[in-house]
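S.K.: Right, I'll just put the structure down here and ask away after.
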Amino acid sequence: MPSFSGPLAICLINVAACAGYILQGQLVDRYHVTTAIFVSVAGSVISIFLFWGFATSQPMLYIFALIWGLTGGGFTANWAGCASALKTSSNSLDTSMVISLMCVGKGIGSVVTGPISEQLLQVGPWRGAPFAYGSQYGALIVFTGATAMLGGTACLGRVLKLL
């Protein structure tokens, strides 16, 4: 791929994330927060495993970037909905503290995933794996998709009647 493909993909992620914030905000305003989280997680997981995992050309990479930005990029817009849902179960809950703790969690995740990603890139190509899974990014794609799926565990709160 040409040298501009990486910066262009990052640009597409960021542009799509702007729309993602609006989309996620509207979902949180109109539906229960777990519905918005489910939409975000489902879109993110599909974009990772399907579009990034099967990317062998620039157009596929750009489709991944757009879908990831639209769904995963706007995930933090769900935080107000999470705080609001928790507030309904406990009137004494300080919603600013809930959002602050979510920010701390995101910060820790951002710091920790850098070294993890670096180690996963050093694993090298997966021999015999097709598409991007067989590239040096294969382990990183699976790790990213698995951690995105873990974001869906927030939906269990509603199923288990915790929210």
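S.K.: Residue-wise, which Karplus ³J(HN,Hα) couplings in Hz belong to the range 139-156, taking 6.51 cos²θ - 1.76 cosθ + 1.60, θ = phi - 60°, and x for glycine or proline?
M.R.: So the J values, rounded to whole Hz, are 5, 5, 4, 5, 4, 5, x, 5, 5, 5, 5, 4, x, x, 5, 4, 5, 5.
S.K.: Still on this structure, I have one more. Starting with the fewest neighbours, write out Trp79, Trp68 ranked by other beta-carbon atoms found within 10 Å of each beta-carbon.
M.R.: Ordered from fewest to most neighbouring Cβ atoms within 10 Å, Trp79, Trp68 come out as Trp79, Trp68.
S.K.: Calculate the FRET efficiency for Thr35 and Cys103 from the Cβ-Cβ distance with a Förster distance of 25 Å, rounded to the nearest 0.05.
M.R.: Once rounded, the FRET efficiency stands at 0.65.
S.K.: Roughly how big is the chain's charge dipole about its Cα centre, with Cβ charges of +1 (Lys, Arg) and -1 (Asp, Glu), in debye to the nearest 20?
M.R.: 260
S.K.: Quick check on the exposure proxy: order Tyr62, Tyr31 from fewest to most C-beta atoms within 10 angstrom.
M.R.: Lowest count first: Tyr31, Tyr62.
S.K.: Tabulate in residue order the Karplus-calculated ³J(HN,Hα) for the range 111-127, using 6.51 cos²θ - 1.76 cosθ + 1.60 with θ = phi - 60°, rounded to whole Hz; enter x for Gly and Pro.
M.R.: Karplus-based 3J(HN,Hα) across the range 111-127 equals 6, 6, 6, x, x, 5, 4, 4, 5, 5, 5, 6, 4, x, x, 7, 5 Hz.
S.K.: Here's something else I'd like to know. What are the ³J(HN,Hα) couplings of the range 31-47, residue after residue, when phi is run through the Karplus curve with 6.51, -1.76, 1.60 and θ = phi - 60°? Round to Hz, x for glycine and proline.
M.R.: Here the 3J(HN,Hα) series is 10, 5, 4, 5, 5, 5, 5, 4, 4, 5, 5, 4, x, 5, 5, 5, 5 Hz.
S.K.: Further question: Say R0 is 25 Å: what FRET efficiency, to the nearest 0.05, do Leu160 and Leu121 get from their beta-carbon distance?
M.R.: Once the sixth-power term is evaluated, E becomes 0.10.
S.K.: Let me ask something else. Among Val104, Leu86, Trp52, which residue has its Cα furthest toward the positive end of the charge dipole of the range 22-163, with +1 on Lys/Arg Cβ and -1 on Asp/Glu Cβ?
M.R.: The residue sitting farthest along the positive end of the dipole is Leu86.
S.K.: Work from the charge dipole of the chain (Cβ charges, +1 for Lys and Arg, -1 for Asp and Glu, about the Cα centre) and give the residue of Thr144, Leu70, Gln24 farthest towards its positive end.
M.R.: The Cα lying farthest towards the positive end belongs to Gln24.
Computed from the coordinates by the stated procedures, all read-outs in this text should not be read as laboratory data. Predicted, not measured: the structure shown is a model, and the values here were computed from it. Reconstructed Cβ throughout: ideal geometry from the backbone, glycine too, with neighbour counts over all protein chains shown.
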